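Structure record follows, encoded as C-alpha cells.
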Amino acid sequence: MRFETIEDYDNYLNDIKKDLDKIDHYLKEHPESLGTRGNYMTLKHLYDIYANNRLEFIQKLGEINLKLEGKELNHPLPLKNMYLLGNKFNNTKNSTMNLLEGNSISDEDLLIEEISKGSYNIKFSFPNPTEEDVKRTSLRKKALLKIFDLIYCGDNIEKLKKQTGPTGKEVLINYKEFIGEIIKNKADFTIDTEKGNVKANLTLEQCQNIYENLNI
C-alpha cells in the first residue's frame, strides 16, 4: 500500500481494526470455525506490521533530498557552503510552517542524514517523531508541499507572490536567500521527498531571474 499522509495511513489501520473486531465478534459465537480463525490471524499479522511501522512512516514523510548539479560542481563543496544551504533552506521551511499555522512557532532544525558527492545530494530529515508528533508532522508535510509550490512557480514573480499571499513576506525573503545560496554554488537544483512522489527543480538561470527580480 502507498500512503501520502499519516491520515491515510491511520485510516487504513482503522479499517483493518474494524474488520478484526467483526471477525472477533463472529468467533465468540462460532469458536469452531477454524477457517475464520485463520483469516483472523492473517489479518492480525498484517495489522501488527503496519502498526509497528507507523513511526517509521511518519519519519519518511519528512525526509528531503536536495540535489545540486552543474558543470561548475567538479570540486569538493566547502563546509561553509553546505552549512549555508542547509540553514537557508531550514529558514524557508520554518517561515512556511509559521505562515500555515497562522502565528509564530518555535524554530525547528533539520538534520543532515547523508551527503553524496558527484552531483551533490544532501538528505535532510526531521528529528525522530513521537506519538505526540503526528499533528506537527502533518504541518511539516504541508510546509514542504508549500515550498514545492514555490519552486513550481519557476521564475514567474507574480505567481510566487500569489503563492504566499499578503502575509507571506517572510517566506519570500527566506526563499530568495536560499535561492541566493544556490546561485553562489553555480548550480541547477532538484528537490524531492525521500519517497520520491513529489519533485521540483530550478535551473541556475531561473534562480538568477528570481533573485534579480523578486523585490520584497
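What follows draws every value from the coordinates through simple rules; no lab data is involved. All values reported here derive from a predicted model rather than from experimental measurement. Positions of Cβ are backbone-derived with ideal geometry, glycine not excepted, and every protein chain shown enters the neighbour counts.
What fraction of the DSSP beta bridges in the chain is antiparallel, stated in percent and rounded to the nearest 5?
100 percent
From the Cα gyration tensor of segment 62-213, with a ≥ b ≥ c the square roots of its eigenvalues, which class applies: rounded if a/c is under 1.5, or else prolate if a/b is larger than b/c, or else oblate?
Note, shape of segment 62-213 comes out oblate.
Please identify the DSSP H helices in the chain that span no less than 20 Å along the helix axis (Cα) and have a mean Kyte-Doolittle hydropathy of 0.0 or more.
Long hydrophobic helices here: 134-152, 169-184.
Explain nothing, just the number: dipole magnitude of segment 6-52 about its Cα centre with +1 on each Lys and Arg Cβ and -1 on each Asp and Glu Cβ, in debye rounded to the nearest 20.
220 debye
Counting other C-beta atoms within 10 Å, and keeping those with at most 11, which DSSP coil trypsin sites (Lys or Arg not before Pro) do you find in segment 1-84?
Loop-located and lightly packed - R2, K71.
Among the lysines, select those whose C-alpha is under 26 Å from the C-alpha of K28, and discard any that sit fewer than 8 residues away in the same chain.
K17, K18, K44
Using unit Cβ charges (K, R positive; D, E negative) and no other charged atoms, how large, in debye to the nearest 20, is the dipole of the chain about its Cα centre?
Result for the chain is approximately 420 debye, rounded to the nearest 20.
Return the whole-Å distance between the Cα centroid of segment 16-53 and the Cα centroid of segment 202-216.
57 Å
Could you give the longest part of the chain that holds none of the GluC sites (Glu not before Pro) found in DSSP loops with at most 11 neighbouring Cβ atoms within 10 Å?
Counting at most 11 other Cβ atoms within 10 Å as exposed, the longest clean stretch of the chain is 73-216.
Which far-off residues, 5 or more places away or on another chain, put their amide H under 5 Å from the one on L111, with H placed in the peptide plane?
S125, F126
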